[in-house]
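Asks: Attaching a single structure in structure tokens format; questions to follow.
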Amino acid sequence: MPTFAIITLGCKVNQYESESLACALKEAGWTAAVDSPADLVIVNTCTVTASAGRQSLQAVRQAVRRHPGARVVATGCDAQIEPERLAAVDGISLVVGQADKARIPELVSAMDRKDSLSPVTLVSALDCKGTHLPPPGHMVAGSRTRPSLKIQDGCDAFCTYCIVPYTRGPCRSLPADQVLAQIGELHRAGYHEVVLTGIHLGRYGRDLALRRSLSGLLAAIEETRAISRVRLSSIEPLEFDPALIGVLTASERVCHHFHIPLQSGDDRILKRMARPYNSARVRQLVSELTRAMPRAAIGMDVLVGFPGESQAAFENTYRLVAGLPLAYLHVFPFSPRSGTPAATMPDQVPAAVVKQRCAALRRLGREKRQAFYRRFVGQCFTAPVEGRRDPPSGQLKAVTDNYLPVLFSGPDRLMNSVVRLQIERLTSDGRIEGRCID
């Protein structure tokens, strides 16, 4: 059987799409390469920053070197926006844009039949609704414990630092009946939890002919009892409207784990970023969520060093984050991306200053995480057990609905089952240990 390997850079949506491609290739008769060169190598690229674009190009070159004689395919966001640069790599076979990413197994088979040796570029404009949502048969992918389901793609926000609207196209949603059907398939296959993911998940359904909303979709999942648990990926601050908060609060199935892209806590910087909210709204939102769901885990993205970020602006961000009951932070340094307005803005922040500010926020994030973990020592949770043991400790691992990774002792038969756990302690290195009380 021919073998394949997939190299993935970037976001969770890219990871999902790589897993979906792997499923499609296996259905077409391919097998994953193990510790040996592959016949086909797919590099699923990222281009969210200039650094990510360089890493994508390097990954393609490394794939050619490490897999001599293989057909090397570049796809993803960098392939969409800079196909010529990738096609110029000596040894590459195919460059595929977002619209045709799901067709790669078919395209590779067609190339084999033609025995083409020159590189082929297949990149089309992303200006039509529904351009590249994968067909329903390839929507389900992921780990045994928490598979992901991509229900939305694209973005219409055009934040001044972000290239994603140009690499993913406009917002497009998977119809609700197909979402429910896919979740039903996951449930029948023995999964206990699904992660609903997308590029701009909070805008789910607004583009559909029969207009829907994320809150309406979650209510339908609750009503149909399609699966035991649903976890959401990132949601923008203004998309937590009263209807959504109401569904989240009342639901017995949606995990109380919310990831919010803050980006900055300074109102002037938020305006320069073209973010449509202010720090007061974020503070109010976190208060509403924690009041309605006291055990909720709330995490935030923070972008450090945006052009014009003075020391005072950074301190506004730090104070806002320090004063919020957050579970964790994801901290990113600003990296100019050509093609975005922010790349040419004046008052670029020196790299050394950005590094120092990132370090301060990451320390704060570690403190927040440990404080959040300590809150739940002695408390009990029901959670699905992952399908493999934690490599460093050899213990079983389960993730609670509010995103607590709990390690505990037990037999292999508990893997992929749902258990009742009590959190007992934090280890010296900050890990959570518990015990099964079933």
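Asks: Using just the helices of the chain, give the 222 nm mean residue ellipticity in deg cm²/dmol: DSSP H runs with n ≥ 4 each add -39,500 (n - 2.57), and the total is spread over all residues, rounded to 500. Mind dumping the intermediate values first?
Replies: Values: 13 runs with 149 residues, N = 438.
That calculation yields -10500 deg cm²/dmol at 222 nm.
Asks: Report the residue, chosen from Glu17, Glu309, Glu84, that carries the largest GNM mean-square fluctuation when the chain is represented by alpha-carbon nodes joined by springs under 10 Å.
Replies: Glu84
Asks: Pick out, in residue order, every one of the GluC sites (Glu not before Pro) in region 198-295 that is DSSP loop and has at most 14 other C-beta atoms within 10 Å; say none if there are none.
Replies: Numbers: sites: Glu222, Glu223, Glu239, Glu252, Glu288; in loops: Glu252.
Answer by residue number: Glu252.
Asks: Give the carbon-plus-sulfur fraction of the accessible surface of region 249-305 in %, rounded to a whole number; probe 1.4 Å, heavy atoms of protein chains only. Present the calculation step by step, with values, prior to reporting the outcome.
Replies: Details: 1010 of 2050 Å².
C and S fraction of accessible area: 50 percent.
Asks: Moving on to the next point. Starting from 0.36 nm per residue, how many nanometres of slack lie between Arg66 and Glu236 once their C-alpha separation is accounted for?
Replies: Values: separation 170, 0.36 × 170 = 61.20 nm, distance 4.03 nm.
Residue separation times 0.36 nm, minus the Cα-Cα distance, leaves 57.2 nm.
Asks: While we're here: Using only Cα atoms, locate the centre of region 220-259 and the centre of region 26-70, then give the distance between them in Å, rounded to an integer.
Replies: Using only Cα atoms, the two centres lie 36 Å from each other.
Asks: If you don't mind, there's one more thing I want to ask. Between Asp35 and Glu367, what is 0.36 nm times their sequence separation minus the Cα-Cα distance? Round to one decimal in nm. Could the numbers behind the result be given before it?
Replies: Values: separation 332, 0.36 × 332 = 119.52 nm, distance 3.93 nm.
Additional length available on full extension: 115.6 nm.
Asks: Additional query: Keeping the other protein chains in place, figure out the carbon and sulfur percent of the accessible area of region 371-423, with a 1.4 Å probe. Walk me through the numbers before you get to the answer.
Replies: Values: 1130 of 2320 Å².
C and S atoms contribute 49 percent here.
Asks: Continuing with this model, one more query. About its Cα centre, how strong a charge dipole does region 213-264 have in debye, to the nearest 20, once Lys and Arg get +1 and Asp and Glu get -1 at the Cβ? Please report the intermediate quantities before stating the final value.
Replies: Numbers: 4 positive and 6 negative charges, 50 e Å.
Computed about the Cα centre, the dipole is about 240 debye.
Asks: Moving on. Given labels modelled 7 Å from the Cα in the Cβ direction, how far is it in nm from Arg388 to Ala359?
Replies: 3.4
Asks: So with the 1.4 Å probe, I'd like the accessible area per residue for region 313-438, rounded to whole Å². Could you put the intermediate results ahead of the total?
Replies: Details: 6310 Å² over 126 residues.
In whole numbers, region 313-438 has 50 Å² accessible per residue.
Asks: At 7 Å along Cα-to-Cβ for each site, give me the label-to-label distance between Asp429 and Phe332 in nm.
Replies: Computed distance between label sites Asp429 and Phe332 equals 2.8 nm.
Asks: Just how many % of Cα pairs in region 159-260 lie over 19 Å apart, if you round to the nearest whole percent?
Replies: On the way: 2218 of 5151 pairs.
For region 159-260, the share of Cα pairs beyond 19 Å comes to 43 percent.
Asks: Report the antiparallel proportion of the DSSP beta bridges in the chain as a percent, rounded to a multiple of 5. Intermediate results must be reported in sequence, preceding the final value.
Replies: On the way: 20 of 60 bridges.
Around 35 percent antiparallel, to the nearest 5.
Asks: Taking only complete DSSP H runs, can you tell me which helices of the chain stretch 30 Å or more along their own long axis by Cα positions and average at least -1.0 on the Kyte-Doolittle scale? Write down the numbers at each step before the final one.
Replies: Working: long enough: 351-374 (35 Å, -0.70).
What comes out of the filter, once short or polar helices are dropped, is 351-374.
Asks: Let me ask something else. Only one of the listed values, (i) 4, 17, 20, 19, 16, 12, 7, 3, 1, 0; (ii) 4, 19, 28, 29, 17, 3, 0; (iii) 5, 22, 32, 25, 13, 3, 0, 0, was derived from the coordinates as P(r) over Cα pairs in 10 Å bins from 0, in percent; which label is it?
Replies: Correct label is (ii).
Asks: State the extension gain, in nm to one decimal, for the chain segment bounded by Met345 and Ala250, taking 0.36 nm per residue of separation less the distance between their alpha-carbons. Provide the component values of the computation, followed by the final result.
Replies: Numbers: separation 95, 0.36 × 95 = 34.20 nm, distance 4.46 nm.
Extending this stretch completely gives an extra 29.7 nm.
Asks: Something else about it: Could you pull out the pairs from Lys12/Lys101; Lys26/Lys397; Lys26/Lys101; Lys271/Lys368 whose alpha carbons sit more than 25 Å apart here?
Replies: Working: Lys12/Lys101 16 Å; Lys26/Lys397 28 Å; Lys26/Lys101 16 Å; Lys271/Lys368 27 Å.
Lys26/Lys397; Lys271/Lys368, as the Cα separations exceed 25 Å there.
Asks: Taking springs between alpha-carbon atoms closer than 10 angstrom, which of Gln80, Gln58, Gln152 fluctuates most in the Gaussian network model of the chain?
Replies: Gln58
The values are calculated or read from the model by the stated rules, or taken from the named source; none is laboratory data. Note that the structure is a prediction, hence the values are computed from the model and not measured. For neighbour counting, all protein chains shown are included, and Cβ atoms are generated from backbone atoms with ideal geometry for every residue, glycine included. With ligands, DNA and RNA removed, areas are computed over all heavy atoms of the protein, side chains included. Shrake-Rupley method; radii C 1.70, N 1.55, O 1.52, S 1.80 Å.
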